[in-house]
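Below is one structure, written out as structure tokens; comments come after it.
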Amino acid sequence: MGLFRRRRVQRTRRGTYEVHLPEPERALLGSLADQLRELLAETTDDPVVRRLFPTAYHDDAERDREYQQLVRDELLERRLAALATVEATLEASELDDEQLNAWLRGLNDLRLVLGTRLDVSEELLDVDADDPDAPAYAVYEYLGFLLSEVVDALAEGLPEPTDPTA
């Protein structure tokens, strides 16, 4: 049986979400959330975290600076709140909709930052086991897997789409 055979996040009949994470995975997520929170507390201008604060005006540095002044604090607050929710609910076996949505945002931020640090592109990863970054690539892949599990669980609660041509 493969490493990721068992679903990590499942919607319950009550509309909550069961979380099936082994302790090492919970510890990893806690450590990553803590590291990202510390990095964000230091600066939001680091190239590794800049991906979390996208440029709005690529061709106009002045307008983009004004935009960043308007939204950066709110974006930072939202990102830190999501990480805080992940950390506060790491040991929980069940999450509500709001908590799982915070996990979605937190996991996505973690994956974006790690992917930026690793300079990941759209191409499939083929990392040699001897590569010093192999563990970081494994974590990146794990975060992608877990993010997919969260998206699937949240999608289970959505109504079936209607056929607009019917």
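If you build the convex hull over the alpha carbons only and average its shadow over all orientations, what do you get for segment 33-103? Give it in nm² to one decimal.
Orientation-averaged projected area of the Cα hull: 5.4 nm².
Provide the per residue accessible area, probe 1.4 Å, for segment 70-166, rounded to a whole number of square angstrom.
62 Å²
222 nm [θ] for the chain, helices only, -39500 (n - 2.57) per DSSP H run of 4+, per residue, to 500?
On the way: 4 runs with 92 residues, N = 166.
Here the helix-only value at 222 nm equals -19500 deg cm²/dmol.
Going by accessible area, probe 1.4 Å, with all protein chains left in place, what is the ranking of Arg105, Arg26, largest first?
These residues rank, largest area first, as Arg105, Arg26.
How much length, in nm to one decimal, is gained on full extension between Ala61 and Glu122, taken as 0.36 nm per residue of separation minus their Cα-Cα distance?
19.2 nm
Only Lys, Arg, Asp and Glu count, each charged at its Cβ (+1, +1, -1, -1), so figure out the dipole size of segment 74-128 about its Cα centre, rounded to 20 debye.
200 debye
Can you figure out the FRET efficiency of Asp46 with Arg78, using R₀ = 22 Å and their beta-carbon distance, to the nearest 0.05?
So, using R0 = 22 Å, E works out to roughly 0.75.
Among Leu100, Leu118, Leu90, which residue has its Cα positioned farthest towards the positive end of the charge dipole of segment 52-122, with +1 placed on the Cβ of Lys and Arg, -1 on the Cβ of Asp and Glu, and the dipole taken about the Cα centre?
Selected residue: Leu118.
Which percent of the accessible heavy-atom area of the chain goes to carbon and sulfur, probe 1.4 angstrom? Let's see the in-between values first.
Working: 5280 of 10710 Å².
Of the solvent-accessible surface of the chain, carbon and sulfur hold 49 percent.
Can you give the accessible area of Thr43 in Å² (nearest 10), computed on protein heavy atoms with a 1.4 Å probe?
Taking all protein chains as shown, Thr43 has close to 40 Å².
Please report, ordered by residue number, every helix of the chain (full DSSP H runs) that is 24 Å or longer along its axis going by C-alpha atoms and whose mean Kyte-Doolittle hydropathy reaches -0.5.
Helices meeting the criterion: 23-42, 97-118, 134-155.
Determine one quarter of the surface area of the Cα convex hull of segment 1-143, which equals its mean projected area, and express it in nm² to one decimal.
So the Cα hull casts an average projection of 10.9 nm².
Let me spell out the model: positive unit charges on the Cβ of Lys and Arg, negative unit charges on the Cβ of Asp and Glu, origin at the Cα centre of the chain. What dipole size does that give, in debye rounded to 20? Don't jump to the answer; show the numbers that get you there.
Details: 19 positive and 37 negative charges, 128 e Å.
Roughly 620 debye, rounded to the nearest 20.
Evaluate the distance, in nm, between pseudo-label points positioned 7 Å from the Cα of Arg26 and of Asp131 along their respective Cα→Cβ axes.
3.1 nm
The values are calculated or read from the model by the stated rules, or taken from the named source; none is laboratory data. Quick caveat: nothing in here was measured; it's all calculated off a predicted structure. In this analysis, Cβ positions are derived from the backbone assuming ideal geometry, glycine residues included, and neighbour counts consider all displayed protein chains. Note: accessible area is taken over every heavy atom of the protein model, side chains too, but ligands, DNA and RNA are not part of it. Shrake-Rupley method; radii C 1.70, N 1.55, O 1.52, S 1.80 Å.
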